[in-house]
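Worksheet for the structure shown next.
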Amino acid sequence: MKILKNEQSFTLIELLIVIGVIAVLAVAVVVVMNPMEYFKKSRDSTRMSELQTINKALGQYLADGKTNLGLANKVYVSIPDSSTTCVNLGLPSLPTGWEYRCSNSANYRKVDSTGWIPVPFASISFGSNLAILPIDPINTTSTGQYYTYVTGGSWEPVRFS
């Protein structure tokens, strides 16, 4: 004599309902966590680290007895341009007597004074901590996110985000 066992299993409807609930919970978690905010914080952290590296390299350059930090009344921009005065970038107007300076795309990250910062970091006698000049993680004029440098030790990110 054969005994039939009553086996139970999930129906297709039950499985679809569980998958739907998991999908709704996953979307809720992503919305609550806001991954874009994490990306912004990561970029900001990168910016601060890079600016500290530039500051340290400038300190090393000055400690080595060097004094050529660039031209007065120039705002050096981290975005490359074919024009040395950055006319193709659509940058905001500067006060009278000031002008922008850009390096070309072949040189803008070089540390030999042809890069976007006109300081010859490569000439530091005990070596520089910069192999290439850092640029903003976004580095575009359309977002307003790029680095600038003004002779006299001033550097700053234009804005964070």
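The values are calculated or read from the model by the stated rules, or taken from the named source; none is laboratory data. Small disclaimer: the values here were computed from a predicted structure and weren't measured. Ideal geometry is used to build each Cβ from the backbone, glycine not excepted, and the neighbour counts take in all protein chains shown.
Looking across the stretch 45-75, just one residue is in contact with a Pro (Cβ under 6 Å, 6 or more places away or on another chain) and not in a helix (DSSP H, G or I), and that is 70. In the set (1) in a helix (DSSP H, G or I); (2) closer than 21 Å to residue 145 by Cα; (3) not hydrophobic (A, V, I, L, M, F, W, C), residue 92 fails one condition alone, (1).
Of the residues making up the stretch 90-113, those that are buried (at least 18 other Cβ atoms within 10 Å of the Cβ) and in contact with an Asp or Glu (Cβ under 9 Å, 6 or more places away or on another chain) are 100, 102, 103, 108. Assigned to a helix (DSSP H, G or I), surrounded by 12 or more Cβ atoms within 10 Å (Cβ to Cβ) and at pLDDT below 90 - does that describe any residue in the stretch 24-31? No.
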